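K.L.:
Just dropping this structure here.
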Amino acid sequence: MSIQLSLDVAVETTTDTSETVDLAQSVLRACGGDPLVAIRELLADADFLRDQLYTASCIMSQGMARGWKPKYERV
């Protein structure tokens, strides 16, 4: 299951502007309604993005980022 999640987050245009997309429901739908598969896919995506952030931080110059350093975990 190394496929990146593709979520259906399109909101139909209505007169009610307070309509929001439930991302948790979108993730479950993308995983066929199986919560265990959804958790595994989200963890795999987080790992992939963490790796991409590490790679970008290694090749990005300090001048370009103006001293910014990435955080790999939420604080």
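The values are calculated or read from the model by the stated rules, or taken from the named source; none is laboratory data. As the structure is a prediction and not an experimental result, all values here were calculated from the model. Neighbour counts run over all protein chains shown; Cβ positions are idealised from the backbone, glycine included.
K.L.:
When the stretch 47-73 is examined, which residues are found to be exposed (fewer than 11 other Cβ atoms within 10 Å of the Cβ) and within 19 Å of ALA24 (Cα to Cα)?
P.N.:
Scanning the stretch 47-73 gives a single hit, ASP47.
K.L.:
Tell me the residue from VAL27, VAL21, VAL37 that is modelled with pLDDT of 95 or more, β-branched (Val, Ile, Thr) and surrounded by 11 or more Cβ atoms within 10 Å (Cβ to Cβ), please.
P.N.:
Working: VAL27 fails: modelled with pLDDT of 95 or more; VAL21 fails: modelled with pLDDT of 95 or more.
After applying the criteria, what remains is VAL37.
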